[in-house]
Amino acid sequence: MGGLKHVPGMLHTADSLSWTTFGIAVGGAGLAVLVLLLVLARRRPPSTEIETMLRESSTRVEAMISDLSTQLDQAHEQNARSQQLAEIGTTIDLDEVLARTLEAAGALLGVDGAMISLENGNESVPLVATVGLSDQEASAQIAARDWGRRRAAAVSYLYPSETDLGEPVRGSVHVPIRADGEEAVGTLSVFWRAAGRTPEADQIDLLEELALRAGPAIGNARRFQEARQLADLDALTGLHNYRYFHETLAREVARAHRYNRNLALVVFDIDDFKAVNDRIGHLAGDSVLAEAAHRVRSVVRGADVACRVGGDEFAVILPEATTADADSLYRRLQAAMANWRPDSEHLRLSAGIAELEPEDDAVSLFKRADEALYRAKAGGKGQAIAAPAEL
C-alpha cells in the first residue's frame with residue numbers, strides 16, 4: 001500500500017499561519033511584561049512585591065505560551081486529519097480509494113489492523129481489502145462483515161487462558177459504509193490486539209466520519225470501474241475487445257520479463273466461418289460467434305484473459321503458462337465445440353500457440369502466434385501449431 005500524496009501548499013500554508021499567530025501571541029506577552037516592568041519602575045514598590053508580581057506575570061505568560069502551544073499542536077493534528085480524509089476522494093481508482101481509507105484508519109485511530117468488506121455485485125463472496133491482518137485473520141473476519149451494517153458495533157473477543165495464537169485480535173469496531181443514500185454497501189472495521197482496550201466515543205465518531213468520507217469515493221470509483229469494463233468489452237461476444245487485448249498483452253509481457261515468469265498466448269479462429277455465414281446468413285452468424293465466445297469462457301482458467309481480436313478471430317492470454325498449458329486449453333476449446341452444430345456442420349478451430357521468449361515484446365509474441373495460426377490453417381485446419389522459438 002503506497003503512501004499518501006499530499007496536496008501541494010495546503011499544510012505549508014496552515015503551518016505558516018499557525019506559527020505567525022504563535023509569534024504574535026508570544027510577542028504580545030513579552031510586551032505586556034515590559035510595560036509591567038516600566039510601571040513598577042515608576043511606582044518603585046518594595047522589592048518583594050516586585051518579585052511577587054514578576055513571578056505571577058511570568059507564570060501567566062508561561063501558561064499562555066503552553067496553551068498556545070497546545071492549540072498549535074491540535075491545529076496541526078486537525079489539518080493533517082482533514083487532509084488525509086480529503087485525499088480519499090481525490091482518486092477514482094477503487095484499489096487506491098480502499099488503500100487510502102485503510103491507511104487513514106490506521107494513522108488516525110492508532111489501531112493494529114483495518115478491513116473494508118464490500119458487496120460484490122451478484123457474487124456471494126465480498127470484495128475485501130485489509131491492512132495489519134494475516135490472511136487467516138482476514139478470512140475469519142469476513143463473517144463479521146454484517147455486524148456494522150446498520151450502526152457502529154464494538155466487539156470483544158474471548159480466548160482461553162492459554163492460546164498459541166501469538167498476539168490475537170482482542171477487539172474491533174465495525175461501522176457501515178454508505179455509497180449513495182442510506183443503504184449500506186459494506187463495512188469498515190478496525191482491530192486491536194491489546195488486552196483490556198475499549199474504544200473511546202471520539203474514536204468511534206472519527207471512524208464513522210472516515211466511513212462517511214469513504215462511501216461516496218467508493219461509489220464513484222465503482223461506477224468508473226464499471227464504465228471502464230464496459231468500454232473494454234466486445235458488444236457482440238462479451239469478451240474483452242481488441243484494444244484491451246493489446247494493452248493487457250503488453251502489461252503481461254512486461255510483468256513476465258520482470259519477474260522471470262512464464263507466459264503463453266493462443267490465437268485461434270473458426271474454420272471456414274465465411275462458409276457458415278453464407279449458409280445461415282450474417283445475423284445467425286453473429287449468434288454463432290456469441291455462442292462460441294460463451295464456450296470459450298466455460299473452459300478458460302480464472303487467470304486467463306479471453307478476447308475477440310477481430311471477425312471470427314479470438315485470443316487467450318495465459319499468465320504463468322507454458323506451451324503445454326496452451327495446447328491443453330486448445331484441446332478443451334475443441335472439445336467444447338465438438339458437440340455443437342449451429343448448422344449442418346460441426347465447428348472446428350485452428351490455433352497458433354506461442355510461449356514468451358527472452359527477446360519477445362508484445363508485438364513479436366502476437367506475431368509469432370498469429371503466424372503459427374496461418375500455418376495451422378494452411379496445414380489442414382482443425383489443429384494447433386506451436387510457434388518455434390526465435391533463434
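The values are calculated or read from the model by the stated rules, or taken from the named source; none is laboratory data. All values reported here derive from a predicted model rather than from experimental measurement. When we count neighbours, we look across all protein chains shown, and the Cβ atoms used for this are built from the backbone with ideal geometry, even at glycine.
Key figures
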| quantity | calculated |
| --- | --- |
| Pairs, first modelled with pLDDT under 85 in region 336-360, second in a helix (DSSP H, G or I) and basic (Lys, Arg), C-beta under 9 Å, six or more apart | 340/295; 343/279; 344/279; 345/279 |
| Evaluation of residue 264 against (1) surrounded by 13 or more Cβ atoms within 10 Å (Cβ to Cβ); (2) without any contact (Cβ under 8 Å) to a residue 12 or more places away in the chain; (3) in the same structural domain as residue 317 (by TED's automatic domain parsing) (one fails), failing number | (2) |
| Strands (runs of 3 or more DSSP E) within region 303-360 that include 1 or more residues surrounded by fewer than 18 Cβ atoms within 10 Å (Cβ to Cβ) | 305-310, 313-319 |
| Check on residue 210, crowded, with 19+ Cβ neighbours inside 10 Å and out of contact with any His (no Cβ under 7 Å at 6 or more places or on another chain) | yes |
| Matching residues in region 273-300 - criterion: being surrounded by 15 or more Cβ atoms within 10 Å (Cβ to Cβ) and not hydrophobic (A, V, I, L, M, F, W, C) | 277, 285, 291, 295 |
| Which numbered condition residue 236 misses (of (1) assigned to a helix (DSSP H, G or I); (2) among the hydrophobic types (A, V, I, L, M, F, W, C); (3) not assigned by TED's automatic domain parsing to the domain that holds residue 340) | (1) |
| Near pairs, Cβ below 9 angstrom, 6+ apart or cross-chain, from region 365-391 (touching a residue at least 40 places away in the same chain (Cβ under 8 Å)) to any residue that is β-branched (Val, Ile, Thr) and assigned to a helix (DSSP H, G or I) | 365/253; 386/323 |
